[in-house]
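The values are calculated or read from the model by the stated rules, or taken from the named source; none is laboratory data. Everything numeric in this text was worked out from a predicted model, so none of it was measured. Cβ atoms come from the backbone with ideal geometry, glycine included; neighbour counts cover every protein chain shown. Just so you know, the surface numbers come from the protein's heavy atoms only, side chains and all, with ligands and any DNA or RNA stripped out. Shrake-Rupley method; radii C 1.70, N 1.55, O 1.52, S 1.80 Å.
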Amino acid sequence: MIGCIASSLLFALLALGGSAPAMAAPAPVAAAAAAPSGVWYEIFVRSWYDTDGDGTGDLNGVTAKLDYLQSLGVSGIWLMPINPSPSYHGYDVTDYYAINPQYGTMADFQRLLREAHQRHIKVIIDLVINHTSDRHPWFEAARDPADPHHDWYSWAGPHTDLHAADAAGSQAWHALGAAHYLGDFSSNMPDLDYDTPAVRKEMVKLGQYWLKKGVDGFRLDAAQHIYYDFKADAHNPLTLKKNLAWWSEFRQGLNTVNPAAYVVGEVTRDSADELAPYFKPLNAVFDFPLATRLVDSARSERAGDLGTRLAHTDAAYRKVAGKSGVDAPFLSNHDQERVMSQLDGNAQHMRMAAAMLLTLPGQPFVYYGEELGMRGKKPDPDLREPMRWHRDPHGAGETRWKTFSAGDGPDVSVEAEQQAGDSLLHYYAMLIGWRREVGALRDGTLTAPPLANPHIAAWRLDDAGSHVLVLHNLSGQSQQVPLGDTRFRHVLRHSRAGTALQRGRLTLPPYASAILD
């Protein structure tokens, strides 16, 4: 058997847990006492489920599949934009206070909220307020410099560098007759100017409106780009300060309606230290650097510095938030190649990526179809293809707004995977079930023992009620992990038969995960 933990894991574990003698392991948590898993599930309504036969997914389709989501074990869903928009994706809004008629009505949406809440599933919606559509009535009015809405957008002055690159390196300024307006993402998406008090007031009002409708919070699109407009401002401390000030104002406005609203931001930075400041005004931000690291570890079958990075991330976020379990880890989303494609279709690597994600503290996000192993590569529409419900792609409820490009066969479908006991779908449900049963997986403080075996990813999680050691064998060969005389003496959960702990040595079969207490 290859590899072992340097010296013995004993000394590292004792160092992490203090000098107190080993204590008796706590009893396993009873299934009847299971808590919410804390897992969120991202849904593109257009691709989800069609109830009226027009080929486009709708809100009633989300309601129709709540039982599926409940069986998977998720605690909440994130709906990509549901407001009216001229685009298929919806990230250029024309009316923030209405429902996209292709998706249904406000009554349909409120029915979805009621049905979801009856199943203890929360609902957050995409809030796209860095910019509007160029067809929004505000921008149409803003074309007139005398209209008050002109100040709601950013316009070039006589000394503006019209060739300045936006945050992504593309053209920032766009012509409108003799004038030029700012649009970070495209000419179809003019940026709002948050130095205008009326804009700030309107967006606080908007957040309050949807909370009063019953939503449980928001995913904030392009959260860092409220003031981070130009590539030159990438590391400008004033830009960060102004972003945080705005989101603090927004959060305070939400608190007057629902202090428990969950608000997670899209902040695409390269390190935990750059993400950490946003945990003061927001509940969380998506952990983009961790997503890359998890997929890389699964692909290479090597943990590398994953444990060290995880411990640093937990400490950085805890320093700002005052507690652990606040991270929002994920593997991919609607802007990135699907995980199975990133992993070149390797089913075992997919399972290990999922296992690492779903044994991390915080509130993980799963992109729809990820639990089936759906594939998808750029361009963006191919990342957002119809959810596969049936072996037959023309089955009831299948959306038809675009054709499949990834080449997934009939076995990559809910119908097929529900019937296969060893499917990826059942694997996801098992892992999410672990989170419901073991509290430390949701909100434990993470520490990581130093490992010599490059194929083992391991971390310890401690909360008030449980103390567990999580281990993953990322390789295709069985591994022996010497634990020494530690407090971890029982295999609480495991993913593969043959996992055994004897005489202080854990046997982990190929591509297996275990939780010890």
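Rounded to the nearest 10 Å², what accessible area does Lys377 have for a 1.4 Å probe in the complete protein model?
Its heavy atoms expose roughly 110 Å² to the probe.
Under a 1.4 angstrom probe, counting protein chains only, how are Ser75, Ser300, Ser271 ranked by accessible area, largest first?
Most to least solvent-accessible, the answer reads Ser300, Ser271, Ser75.
Using a Förster distance of 60 Å, how high is the FRET efficiency between Lys242 and Ala452, based on the Cβ-Cβ distance and rounded to 0.05?
0.85
Given the C-alpha atoms of region 251-370, compute the convex hull and give its volume per residue in Å³.
Roughly 105 Å³ of hull volume per residue.
Return the long-range amide H neighbours of Asp92 (sequence gap of 5 or more, or a different chain), with a cut-off of under 5 Å between placed amide H atoms.
Ser87
For region 141-153, in order, what is each residue's ³J(HN,Hα) by Karplus, 6.51 cos²θ - 1.76 cosθ + 1.60 with θ = phi - 60°, in whole Hz (x at glycine and Pro)?
Running phi through 6.51 cos²θ - 1.76 cosθ + 1.60 with θ = phi - 60° gives 6, 5, 4, 8, x, 7, 7, x, 6, 4, 6, 7, 10 Hz.
Given a 1.4 Å probe and the protein chains all in place, what does the accessible area of Ser248 round to, in Å² to the nearest 10?
40
Taking N as the number of residues in region 326-453, what is its Cα Rg relative to 2.2 N^0.38 Å?
Normalised by 2.2 N^0.38 Å, the Cα Rg of region 326-453 equals 1.14.
Read phi for every residue in region 76-93 and hand back ³J(HN,Hα) as whole Hz from Karplus 6.51 cos²θ - 1.76 cosθ + 1.60, θ = phi - 60°, with x for Gly and Pro.
Rounded to whole hertz, the list is x, 10, 10, 8, 4, x, 10, 7, x, 7, x, 9, 5, 8, x, 8, 10, 8.
Need one number: % antiparallel among DSSP beta bridges in the chain, to the nearest 5.
Here the antiparallel bridges make up roughly 60 percent for the chain.
Would you grab the residues whose amide H sits under 5 Å from the one on Tyr153? Only those 5+ places off in sequence or on another chain, please, with H modelled 1.01 Å from N.
Asp193
As an exercise, find the ratio Rg/Rh for the chain from alpha-carbon atoms, using the Kirkwood inverse-distance average for Rh.
0.99
Using θ = phi - 60° and the Karplus relation 6.51 cos²θ - 1.76 cosθ + 1.60, list the HN-Hα couplings for region 53-60 in order, rounded to whole Hz, with x at every Gly or Pro.
Running phi through 6.51 cos²θ - 1.76 cosθ + 1.60 with θ = phi - 60° gives x, 8, x, 10, x, 9, 5, 5 Hz.
Report the accessible area of His150, computed with a 1.4 Å probe over the heavy atoms of all protein chains in place, in Å² rounded to the nearest 10.
Ignoring ligands and nucleic acids, His150 comes out at about 40 Å².
What residues from region 373-389 fall in the zone where the backbone N is under 16 Å from a label point 7 Å along the Cα-to-C-beta line of Ala420?
Inside the label zone: 373-375, 388-389.
When the solvent-accessible surface of protein heavy atoms is calculated with a 1.4 angstrom probe, in what order do Lys280, Lys122 fall, highest first?
Listed by decreasing accessible area, they come as Lys280, Lys122.
Mind grabbing the base-10 log of I(q)/I(0) for region 227-269 at q = 0.33, 0.34 Å⁻¹? Debye formula, identical points on the C-alpha positions, no solvent, two decimal places.
The calculated log intensity ratios at q = 0.33, 0.34 Å⁻¹ are -1.17, -1.20.
For Arg493, enumerate residues with amide H under 5 Å from its amide H, sequence gap 5+ or separate chain, H modeled in the peptide plane.
Ile515
For region 427-468, count the residues as N, evaluate 2.2 N^0.38 Å, and divide the Cα radius of gyration by that value, please.
1.31
With the cut-off at 29 Å, tell me which of the pairs Lys213/Lys280; Lys65/Lys319; Lys201/Lys402; Lys205/Lys242; Lys319/Lys378; Lys122/Lys205 have Cα atoms farther apart than that.
Violating the 29 Å limit, Cα to Cα: Lys65/Lys319; Lys201/Lys402; Lys319/Lys378.
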